[in-house]
Amino acid sequence: MTAHPRSNQSTRAPAAVVASAVAPVVKPTLLIVGAQKGGVGKTTVARLLLHWLEENRRAHVAFDTETPLGSLIRFHEDKTELADIGDVPAQMRIFDAVANDKGGTTYVVDLRAGHLYAVLDLLTDLRILHDAKDGAFDIVFLHIMGGSTESIREVSETLDRFSCAKHVIVTNPGNGADLSDWAASEVRANFERDGGLEINIPALNKQTYLEIDRTGPSFSQFVNNKLKNGAEANYSYVLRGYARNWLYKSMTEIDRISL
């Protein structure tokens, strides 16, 4: 639609129009990053999501379910809470916050290995998926693929459980998985035929990944040469270059989700 130029004689909207204007409702979003199998890069993807949310100035909170020590919280302690997803009090902290949110906050849940099916049951039993279908909030499940036949079977067994949520398959070559079986699988063909979205997170240079893991900053802090406390760091310019390039490619992939 072509916008009409404002008239110099009409710089204010009529009082009746202003009084009846209603601010648009901004729904909260629940992002769940998970897989039944461990070691497939769930926390790396959760960290990338937090980086994307920071870049896009989106209000967000994260829950690290890798209790009691945590994993995500190491890199984003200012925005992350530990939560044992199997305990009712933790479930209340997460899902009550989503249900009661009025500001369009995004809630990121980094799901620990071995809990995928239990959490899917929980989302069904608490009618969380039902409420998402009714428009109370949005749910996006980022399903991290491993290279094993177990991972392919896992996707096959859970496809029909995401009818009320956006189901995104995330391939992550950096976890060392051989994804050739997945690429050729009938499960993937069915997923694509039904309109499913698959994104690919490229592998990060190994030395860069190890340096970030050793020193513990967020990805943003690392590329900006900052310590966790905000002070100037002394990270390698070359390694920061690898990280910048990787973040650019990863953010381009996450853009495709249309959060």
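Net charge around LEU82, counting only other residues with Cβ within less than 14 Å of its Cβ (Lys, Arg = +1; Asp, Glu = -1)?
Numbers: positive: ARG74, LYS79, ARG93, ARG112; negative: ASP64, GLU66, GLU77, ASP78, GLU81, ASP84, ASP87, ASP110.
Charge balance in the 14 Å sphere: -4.
Rounded to the nearest 5, what % of the DSSP beta bridges within the chain are antiparallel ones? Intermediate results must be reported in sequence, preceding the final value.
On the way: 1 of 30 bridges.
If I count the DSSP bridges inside the chain, around 5 percent turn out antiparallel.
Where is the GNM fluctuation largest for the chain (alpha-carbon springs, 10 angstrom cutoff): PRO68, PRO173, PRO28?
Among PRO68, PRO173, PRO28, the largest mean-square fluctuation in the Gaussian network model of the chain belongs to PRO68.
So which of LYS42/LYS102; LYS37/LYS226; LYS37/LYS133; LYS166/LYS249; LYS37/LYS102; LYS37/LYS249 end up more than 30 Å apart by C-alpha? Present the calculation step by step, with values, prior to reporting the outcome.
Details: LYS42/LYS102 28 Å; LYS37/LYS226 33 Å; LYS37/LYS133 27 Å; LYS166/LYS249 22 Å; LYS37/LYS102 34 Å; LYS37/LYS249 25 Å.
In this structure, LYS37/LYS226; LYS37/LYS102 lie more than 30 Å apart at Cα.
Starting from the Cα-Cα distance between GLU232 and VAL26, subtract it from 0.36 nm times their residue separation and give me the gain in nm to one decimal.
Values: separation 206, 0.36 × 206 = 74.16 nm, distance 3.72 nm.
Computed gain between GLU232 and VAL26 is 70.4 nm.
Taking other Cβ within 10 Å of each residue's Cβ, how do MET251, MET92 sort, fewest first? Each step should come with its number before you reach the end.
Details: MET251 15, MET92 11.
If I rank by nearby Cβ atoms, fewest first, I get MET92, MET251.
Among ASN229, TYR107, PHE137, which residue has its Cα positioned farthest towards the positive end of the charge dipole of the chain, with +1 placed on the Cβ of Lys and Arg, -1 on the Cβ of Asp and Glu, and the dipole taken about the Cα centre?
So the residue we want is ASN229.
Tally Lys and Arg at +1 and Asp and Glu at -1 over the other residues with C-beta under 15 Å from the C-beta of ARG153: what net charge comes out?
Values: positive: LYS37, ARG161, ARG188; negative: GLU150, GLU154, GLU157, ASP160, ASP181, GLU186.
Net charge around ARG153: -3.
Rounding to the nearest 20 debye, state how big the charge dipole of segment 25-203 is about its Cα centre with +1 on each Lys and Arg Cβ and -1 on each Asp and Glu Cβ.
Numbers: 18 positive and 27 negative charges, 73 e Å.
Dipole of segment 25-203, to the nearest 20 debye: 360 debye.
Every number here is computed from the coordinates shown, using simple stated rules; none is lab data. Since we're looking at a predicted model, the values are computed, not measured. Glycine also receives a Cβ, built like all others from the backbone with ideal geometry; neighbour counts cover every protein chain displayed.
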